[in-house]
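Written out below as structure tokens is the structure these notes cover.
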Amino acid sequence: MDLEKKIVQGITEAFKKVYEADVAESDIALQPTKKDFDGDLTFVVFPFLRVSKAKPEATAEALGVYLKEHVDAIADFNVVKGFLNLVIDNGVWVDTLKSIVEDKQYGALTRRDERVMVEYSSPNTNKPLHLGHLRNNFLGHSVSRILDAAGYDVTKVNLVNDRGIHICKSMLAYQLFGNGEQPSASLKGDHLVGKYYVEFDKAYKAQIEELAKEKQAGYTSLEGVEDLADLKKSIEKKGKKEELTDLEKEQINALKEVFTYAEKQAPILLQAQDMLRKWEAGDEETIALWSKMNGWVYEGFDQSYRLMGVEFDHMYRESETYLLGKDIVEEGLEKGVFFKKEDNSVWVDLSEDGLDEKLVLRGDGTAVYMTQDMGTADLKYKDFNMEKSIYVVGNEQDYHFKVLKLIMQKLGRSYADGIYHLSYGMVDLPSGKMKSREGTVVDADDLINEMIETAEERTKEAGKIDNFTEDEAKALYRILALGALKYYLLKVDPRKRMLFNPKESIDFQGDTGVYIQYNHAKIQALLRRAEKDGIDFSTEKFAGLKELSEHEANLVAALAKLGDKISESAEDYAPSVIANFVYDVSRLYSKVYAEMPIFNEEDEAKRAFRIALSQQTARAIKIGMNLIGVEVPDRM
């Protein structure tokens, strides 16, 4: 029986016997004893004084006496005001470790007949993957693994945005400036296409500036101004702090008109819009260029995904789904869920749900993102018949997914309640934000390669690669680099915006992936020595052990919680729960390793226990790190 459940049952029995009162097990909660006090688990009696009709200390004392006499797991207790601190018998921890050793399915939960889809990555085919995509991919991939461990039938999908005006911008720039450039060993296909997305933006800005200059002549307030963009920026900055002069007000209005005109009439943008119309009309030349450039990007993405260690079961492409959803709009109109406005556009009114009106189809009959997402949601359910659909998307889309879920619920879709937006915060670097169209994006491939270089540098400094071949050393650098990166990005609650410090993430001490990986390698070295010395550390060798240190007991208690942590992580879609669990296990093991002798221990039972405890710690680390997509080395 589960230890905490046994104690909870003992407490209910104590209330029955001592106070002749029935207390529900569900009303009783145990919590870890605070470090300043003796004990393992604490029961707070204050909420039950109405039952005992006694003072807090007397109530806790009476319950403690009963538990010590009637529950084998309780070795002792102490009372601090209304807090009953329970000391668990060492034999419980010995038996717990024994059960972990013998559990072939340690950490695996019962399979359940429930299908879950996790959609993540969702890149655009006009640029390579960047730092933000790393958090997205690692988060989606880890959640998929955790849900699988929790017993769900998981399908991992990637919906690629491979069409639209932004894709045409890269295509047009390549057509204008590419001179037939091809991907090469030094320039991946996704990087090549991203290069021309940046080139488009440069040309677009230059044309805006030129058109704005031409338009400037019609505004007396702008006469003699050499840099319109600089003037606009300075006036807007001043306007946030103090009142503008009449001239400045006139200038800012003129500037808005000038730039609005220039942004809409820039020839290169009009060409891109024309290219999009040709693509939608099926123009052969346009489709051929689109297919070729997207092919380059997919090859580049595949290389990046392999480097990251993530994969997908199915790929959806927006070019195949963007026309979906129009039938659903008609259905919504028939059911009275949607309504039309005078311009023939179709809307949904969500004011009763605390939101507002949302456009679902333009007046000219063209789709918006919501149209497409409604259709894709139906398509995914048709393909995989899942009960839950998790969208791993940045928190800037929080509103969009609230609306999508509400619409599908109002339309009566059976899967609608299972729609869940796994919202995550953006990732910043010490150097600041990223802007992909300006070419200042932190490229995912480059960042990973820099991490590998840093891992090599730090590992050599620490002397962790003695007797490694060159290939073994390279493999280790990659494992450490990706472990550092994934752990750092996943140990934080996904909803929080975070600052990623590459150098801080690769540290052999502290709350890092490398620290945990090093602990695993250290244990494997210990186990190799135990095997070489022929030490028997089977459960029979320590079965009767009665004396444990506090650190050993704490570590066993932590190891016993792996299943609970997987369940909690799956319920909250939070890999941070697993990451923090593995770190806690590693930290507790470090205390045992530093303070408890192993090979110099003369007591065979204690020595066997500590080696078995080390082995199961490594097992828990490997299972937990695998759930967040991190490999652990056997040697360092």
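Here, each number is a calculation from the coordinates, and none is a lab measurement. Bear in mind that the values here come from a model prediction, so they are computed numbers and not experimental data. Cβ: placed from backbone, ideal geometry, glycine included. Neighbour counts: every protein chain shown.
A Förster distance of 30 Å, applied to the separation of the beta-carbon atoms of A525 and R317, puts the FRET efficiency at 0.05.
For region 386-400, the Karplus equation 6.51 cos²θ - 1.76 cosθ + 1.60, evaluated at θ = phi - 60°, returns couplings of 8, 8, 10, 10, 9, 9, 8, 9, x, 5, 5, 9, 4, 5, 4 Hz by residue, with Gly and Pro reported as x.
With angles folded into 0 to 90 degrees, how steeply does helix 575-595 sit against the dominant principal axis of the chain? Use alpha carbons for both and round to 10. Taking Cα atoms only, the helix is inclined about 40 degrees.
Would you mind estimating how fast region 241-293 diffuses translationally, via Stokes-Einstein at 25 °C and 0.890 mPa s with the Kirkwood radius over Cα pairs, in µm²/s? Calculated translational D: 174 µm²/s.
The H on the amide N of V160, modeled in the peptide plane, is under 5 Å from the matching H of Y316, R317, E318, each at least 5 residues off or on a different chain. Pairs to check: K16/K81; K205/K249; K34/K464; K17/K98; K127/K405; K264/K335. Give those whose C-alpha atoms are more than 31 Å from each other in this structure. K34/K464; K17/K98; K264/K335, as the Cα separations exceed 31 Å there. The label-point distance for Q273 and D27, in a model that sets each label 7 Å from Cα toward Cβ, rounds to 6.9 nm.
Each 10 Å bin, from zero up to the one with the longest distance, holds this percent of the alpha carbon pairs of the chain: 3, 12, 18, 21, 18, 13, 9, 5, 2, 0.
Counting only alpha carbon atoms, the long axis of helix 562-572 and the longest principal axis of the chain meet at about 30°. Once both labels are positioned 7 Å from their Cα atoms along Cα-to-Cβ, the gap between D536 and S234 label points is 8.8 nm.
Scoring 488-499, 510-521 by mean Cβ neighbours within 10 Å over their residues and listing the highest first yields 510-521, 488-499.
Taking 17 Å as the straight-line reach from the Cα of K622, the lysines in range (excluding those fewer than 8 positions away in the same chain) are K104, K486, K491, K522, K561, K565. Largest first, the three principal axis extents of the alpha carbons in region 3-88 are 31, 24, 22 Å in whole numbers. In this structure, T366 and E284 have a Cβ-Cβ separation that, at R0 = 25 Å, corresponds to a calculated FRET efficiency of about 0.65. Exposure proxy ranking for R619, R135, based on other Cβ atoms within 10 angstrom of each Cβ and starting from the fewest, stands as R619, R135. Annotation for region 314-341 versus region 179-194: alpha-carbon center distance of 36 Å.
The DSSP beta bridges internal to the chain are antiparallel in roughly 50% of cases.
In plain terms, the chain from A543 to D153 could stretch by 136.6 nm, reckoned as 0.36 nm per residue minus the Cα-Cα distance. Largest first and in whole Å, the equivalent-ellipsoid semi-axes of region 189-279 read 31, 16, 11, each the square root of five times a Cα gyration tensor eigenvalue. The sum of -39500 (n - 2.57) across all DSSP H runs of n ≥ 4, divided by the residue count of the chain, sets its helix-only mean residue ellipticity at 222 nm to -18500 deg cm²/dmol.
With Cα atoms defining each centre, region 149-168 and region 545-580 are spaced 32 Å apart in the structure.
Backbone phi angles across region 487-493, fed through the Karplus curve with coefficients 6.51, -1.76 and 1.60 (θ = phi - 60°), yield HN-Hα couplings of 4, 4, 6, 9, 6, 8, 3 Hz in residue order; Gly and Pro are listed as x. Here the Karplus curve 6.51 cos²θ - 1.76 cosθ + 1.60, taken at θ = phi - 60°, turns the phi angles of region 101-111 into couplings of 4, 7, 7, 5, 10, 3, x, 8, 9, 4, 5 Hz, with x standing for Gly and Pro. The gain in end-to-end length when the D72 to L307 segment is fully stretched comes to 79.4 nm, 0.36 nm per residue minus the alpha carbon separation. Gain on full extension, evaluated as 0.36 nm per residue between D446 and Q105 minus their Cα-Cα distance, stands at 118.9 nm. In whole Å, how far is the Cα centre of region 54-131 from that of region 459-476? Using only Cα atoms to place each centre, the spacing works out to 38 Å. Normalised by 2.2 N^0.38 Å, with N the number of residues, the alpha-carbon radius of gyration of region 1-160 equals 1.54. For the chain, the longest principal axis of the Cα atoms and the long axis of helix 246-265 meet at an angle of about 90 degrees. Label positions at H400 and A475, each projected 7 Å from the Cα along the C-beta direction, are separated by 4.1 nm.
Sorted from greatest to least, the principal axis extents spanned by the alpha carbons of region 476-627 come out as 51, 33, 22 Å.
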